[in-house]
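Taking it in order: structure first as structure tokens, then the write-up.
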Amino acid sequence: MTNQNANNTHLHYSNLFKKTLEHLEENLSPFIWQVFFKNLSFKSFQKNTLEIIVSSTFKKNWILKFGLFPLYHSCLFIFQQAINIKLVERSYEILKIQGVSPSLKLSSSNKFSPYFPFKLNSLYKLDSFITDASTEILLHIGNIIAENPGTKYNPLFIAGPTGTGKTHLVQAIGSLAQTKNPLLKVVYISAEEWSNLFISAIQHKKFDEFRRENRTNCDILIMDDIHFLVGKEACQTEFIHTFNNLFQNCKQIIITSTKYPYEIKGLNPFLQSRLSCGLILDTKPPSQQINSTFLKRKINALGTNFSNEVQQFLSNCDYSSLRELEGVILRLSAFAHNNNCKLSIREAKICLSRFLKIKSSNQWELERICKHVASYFDITPNTLKSHCRQRTLVLARQMAMSLCKRNVPCTLVEIGKTFGGRDHSTVISSLKKIKNLEESNIKIKALLTRLQNTLD
């Protein structure tokens, strides 16, 4: 290539990058644009790789963590192809970022929010949020908020262990609200990201803009993991003011954490009080019903064919979260693909033996009997296992214990553990009482027989 051609090529791609920056400026908030993107400069474009010069390590790290999606989006829009990107500091220490695939799925809107460049994940939908009887309220409340944000349930606080669906739920609420009203401005951000932007705003003397972005330009604020504000007093104080401003203007506030507000040690008491003034819901480790639904959905998506026996085995394992179950499915799928075989139950157990706590067959049978009896009496298994002394519940519990003793080769301690952690003496007493009732009351005997016959 001649020098003239090389210069023309360089100029062409330099102009494309200039247009990329113009596209970014149109679609980012003034604060984000001024601080992180305005001073980016073109270095080169070779072998489908765009090299961009960044003025500092701080800006490079921020773009790597928070700004890649808008940068990729603008590059795709202007260059009309998938490219690789290298961020180059002034010292020319290069960190390469893999290019985005041409099949990258953007959200329904091509315009980034004019407040924060953190996009809602388009894969998170309320329709795909898996529930059981105990968590259906989450979907119900989510739909109400999406229909009329800032009215009935404000603020909404979701507490629960990591990996139990909090982020999926709150992003799905935001997405549905925007679908119903495209003019709504939804801010989704983690507490850590929010605090980083707060500090950056102070450092770059952009504090007024930061406040405006948080308050005036926001209809729904969704903040993940608010417990990360602990130990950051200035951030907490600013967030209290942000909260009050949004709340007083009937803007919807949705917060998540691994703990309830009053359990977050180190959180400003006033902020704890504000977070507790609305509706507090919780997510829990997945039930077997949720595990089963998720398992079927995931293996269908992967195109993996697990036998019914393997699926049953996976359902019998204890999982702290759906993320853990997803990891198990991916591990087994990779194992089967690598060995070019249909996984047997023995191979599945070997593959997962170091990673999962597998329920014993006794535990599984005890739970099955408990659910069977609870279903007959039209109560939940948790109610059956509770310490409620209502006469009907006591009778149902005693019958369930009797069926467990008859059908499962287990100890009294195991039965007691299944039924709310009762000790073996309580189990002995319950078994004696139901035995006496069975011998003296023909209706009780008939009911026990019916439960036994319908157990299998």
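Points worth noting:
- Enumeration of residues in region 61-90 that are closer than 20 Å to Glu26 by Cα and surrounded by fewer than 15 Cβ atoms within 10 Å (Cβ to Cβ): Gln80
- Taking region 246-330 as the region of interest, the helices (runs of 4 or more DSSP H) fully inside it that hold 1 or more residues being within 19 Å of the chain's Cα centre (by Cα) and hydrophobic (A, V, I, L, M, F, W, C) are 288-302.
- For Glu22, the criteria (1) under 19 Å from Leu76 (Cβ atoms); (2) surrounded by 14 or more Cβ atoms within 10 Å (Cβ to Cβ) hold in every case but one, which is (2).
- Scanning region 141-159 for residues that are at negative phi and not aliphatic (A, V, I, L, M) yields Gly142, Asn143, Glu147, Asn148, Pro149, Thr151, Lys152, Tyr153, Asn154, Pro155, Phe157.
- Residues of region 1-33 that are among the aliphatic types (A, V, I, L, M) and either at pLDDT 85 or above or in a helix (DSSP H, G or I) (or both): Ala6, Leu11, Leu16, Leu21, Leu24, Ile32.
Okay, residues lined up against (1) loosely packed, with under 15 Cβ neighbours inside 10 Å; (2) among the acidic types (Asp, Glu); (3) more than 17 Å from Val170 (Cα to Cα):
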position: Gln248; (1), (2), (3): yes, no, yes
position: Thr256; (1), (2), (3): no, no, no
position: Ile264; (1), (2), (3): no, no, yes
position: Asn268; (1), (2), (3): no, no, yes
position: Ser276; (1), (2), (3): yes, no, yes
position: Gln289; (1), (2), (3): no, no, yes
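- Single residue of Gly420, Gly416 found to be in contact with a Lys or Arg (Cβ under 7 Å, 6 or more places away or on another chain), in contact (Cβ under 8 Å) with a residue 24 or more places away in the chain and over 22 Å from Thr449 (Cβ atoms): Gly420
- Residues (surrounded by 18 or more Cβ atoms within 10 Å (Cβ to Cβ) and among the basic types (Lys, Arg)) located in region 418-456: Arg422
The values are calculated or read from the model by the stated rules, or taken from the named source; none is laboratory data. Keep in mind that this is a model prediction, so the values were computed, not measured. We place every Cβ from the backbone using ideal geometry, glycine too, and count neighbours over all the protein chains shown.
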